[in-house]
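Working notes, beginning with the structure itself.
The values are calculated or read from the model by the stated rules, or taken from the named source; none is laboratory data. Computed from a prediction, not measured in an experiment: that's the story for all the values here. Note that we place each Cβ from the backbone using ideal geometry, even for glycine, and neighbour counts take in every protein chain shown.
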Amino acid sequence: MPLNLAPELQQLLGRQTTQALTVLLASLSGQPLGVWLVGGVVRDQWLHCRRKGAGQDHSRVHPMDVDLLLAPDRQAPEPVLPQLVPHWGKALAAAGWSLKAQVHGDFGTAHLALQPAQALPQQPHPTDQVLLTIDVAMARTEHYPAPGENPRVVLTAAPDAALVDLRRRDVSINAMALPWPQGPLLDPHGGQKDLERGLLRFLHAASLQDDPTRVIRAARYGARLHMDLAPEARQQLQDTMALWPWRREPPCPPALGSRLGMELALLLQQEPWRQGLALLQRWGALDLVDWSGALQRDSAWRRRLRRAARWNLPLLPALLMGAADPLDVAQRLQLPMAQQRLMAQTLALRDWLG
């Protein structure tokens, strides 16, 4: 079977995972929809080519997962992800791969986890097996009914569905798409130019008002890729912080608190967290987490998190201990109860020690 993927992407993914992705993509060839590689995998492929051409070290640029966008034709019936999953499973099984899928039908998304059906000779233990994760999304538009609330999703089926979908994304470097099996790069928001300049730019003026967690995702990318907010993005952050109705009743939509907690946890688990937190503090964005400003002014978080990492303790509770009311923030961010109890015990011990 020919590999209809760019050589740079094949190199990033490796032979085994490239084979699995190719099988899954080929299984979509008979469906009435367009298929696009989008987001991080397109960005990382561009960076890989750029650094390789410049003779730079590019070993750090590895996509952790792959994102696919499915864009139905205008006249075609809308494909239903629950119906596609068995089709994918059958095609992958024939190629020696197993599939686990979580489908969120209301949002038109699915999370796929692929791994060899049997252990490879050089990887005898299941935990060592090659694993490829793929996030699939139907083209859609999103509308935020109120600042920070979960968006309302409307699936789209039109010739320009991919362009419409890219408008809803977080930053320009993640709003690029490659059609499969072939076609030119789609970059309507200048992602390549921003990658060259090392700048993170939000896609529209209400981006952070709609979803303030986008600034935490920006810090994740900035830490990983050595990038900084564009001047207009920093201005948007300052304007949002000044206008955001956090201190009204109710002060924070529960969905926003949950998403803030999840994005911070991802930063601490998957990224160079020292650099990511330093960016958030430099941008003045830690007030998103602790409205009192104590965490934004905190100069001891590096020491606390370094000790927590040394003792194999969760890092997010250690970070929040610098807030004016750590337990209040932990509840708003919906941290696991075990972590909240750990924080309460730490606070009680600190009070006892005086």
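Beta carbons closer than 6 Å, at least 6 apart along the sequence or on distinct chains, never pair a first residue in region 3-28 that is under 11 Å from Val41 (Cβ atoms) with a second that is of a type in the set (D, E, K, R) and not in a loop (DSSP other than H, G, I, E, B). Taking the listed residues Leu266, Leu305, the one that is touching a Leu at 6+ places or on another chain (Cβ under 8 Å) and either part of a helix (DSSP H, G or I) or in the same structural domain as Asp44 (by TED's automatic domain parsing) (or both) is Leu305, with no other qualifying.
Among the residues of region 279-309, those identified as surrounded by 18 or more Cβ atoms within 10 Å (Cβ to Cβ), of a type in the set (A, V, I, L, M) and in contact (Cβ under 8 Å) with a residue 24 or more places away in the chain are Leu279, Leu280, Ala285, Leu288, Val289, Leu295, Leu305. Out of Asp44, Asp65, one residue alone is among the acidic types (Asp, Glu) and at pLDDT 85 or above. It is Asp44.
Looking only at residues in region 128-175 that are assigned to a strand (DSSP E or B) and of a type in the set (Lys, Arg), the one that is nearest to Leu112 (Cα to Cα) is Arg140. Annotation: of all residues in region 310-354 being part of a loop (DSSP other than H, G, I, E, B) and without any contact (Cβ under 8 Å) to a residue 12 or more places away in the chain, the one that is farthest from Ser258 (Cα to Cα) is Gly354.
Among the residues of region 197-207, is any within 15 Å of Gln238 (Cα to Cα), of a type in the set (D, E, K, R), assigned to a loop (DSSP other than H, G, I, E, B) and out of contact with any strand residue (DSSP E or B) (no Cβ under 8 Å at 6 or more places or on another chain)? No.
Confirm whether Arg259 is within 18 Å of Arg220 (Cβ to Cβ), of a type in the set (D, E, K, R) and part of a helix (DSSP H, G or I). So Arg259 fits the description; yes.
A count restricted to region 183-227 and to residues that are farther than 23 Å from Asn150 by Cβ and among the basic types (Lys, Arg) stands at 4.
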